[in-house]
Amino acid sequence: MSRFVVCKVSELPPGGRRIVRVNGREIGVFNVKGKYYALRNLCPHQSAPLCQGELTGLAVSDEPGEIEWTREGEILRCPWHGWEFDILSGRTVFQSKNRVKTYDVRVEKEALKRLNEGVETYPVTVEDQVVILEY
């Protein structure tokens, strides 16, 4: 599995996103309430740049006339045709068989030092955590 340093944690606050290019693919990395998720920036419907879409939530109802707004910031709406995807799973909100590719994301304090193993290095200090994309 390969790794790609996305950014420092401080550069991707809750509700934020960053789109990166990794081996010719665009991938959107999202901070959803302090947890990190990554999706391919390609809507399966008509190849729109999905990760540029609006972050939103879901309206749910257990009975007529009762509507509750939930999951704020966990749903990504395609900018071209409005298809909605669950950032946490990559699945569409309306039809579970359609999904967008997801990637593992982790936060590591010593990532920069480990990424340089096997090459000539110089002493460094880590002043902030960084977000790592695994692909």
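What follows is calculated from the coordinates using simple rules that are stated; it is not laboratory data. Treat the numbers as computed from the prediction; the structure is a model and nothing was measured. Methodologically, a virtual Cβ is constructed for each residue, glycine included, from the backbone with ideal geometry; neighbour enumeration extends over all protein chains shown.
What chymotrypsin sites (Phe, Trp or Tyr not before Pro) in the stretch 40-115 are in a loop by DSSP, with at most 12 other Cβ atoms within 10 Å of the Cβ? Walk me through the intermediate numbers first.
Numbers: sites: W69, W80, W83, F85, F94, Y103; in loops: W80, W83, F94.
Here the chymotrypsin sites (Phe, Trp or Tyr not before Pro) that fit, given the DSSP loop and packing criteria, are F94.
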What does the highest-first list of 13-20, 24-31, 44-51 look like by mean Cβ count within 10 Å? 24-31, 44-51, 13-20
Can you pull out the trypsin sites (Lys or Arg not before Pro) in the stretch 62-107 whose DSSP state is coil and whose Cβ has at most 15 other Cβ atoms within 10 Å? K97, K101
Answer rounded, prolate or oblate for the stretch 1-54, using the Cα gyration tensor with square roots of eigenvalues a ≥ b ≥ c: rounded when a/c is under 1.5, else prolate when a/b is larger than b/c, else oblate. oblate
For K33 and K97, calculate 0.36 nm times their separation in residues minus their Cα-Cα distance, and state this gained length in nm to one decimal. 20.4 nm
Select one label from (1) 1.26; (2) 1.02; (3) 1.06: the one whose number is Rg/Rh (Cα atoms, Kirkwood Rh) as derived from the coordinates shown. (3)
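On full extension of the chain, what length is gained from W69 through V5, given 0.36 nm per residue of separation minus the C-alpha to C-alpha distance?
Extra length from W69 to V5 when fully extended: 19.6 nm.
Pulled fully out, how much extra length does the chain show between R25 and Y135, if you take 0.36 nm times their separation in residues and subtract their Cα-Cα distance?
38.6 nm
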Do you know the relative contact order of the chain, to the nearest whole percent, from alpha carbon pairs under 8 angstrom that are 6+ apart? 26
Tally Lys/Arg at +1 and Asp/Glu at -1 over every other residue whose Cβ is under 15 Å from the Cβ of K33; what's the total? 0
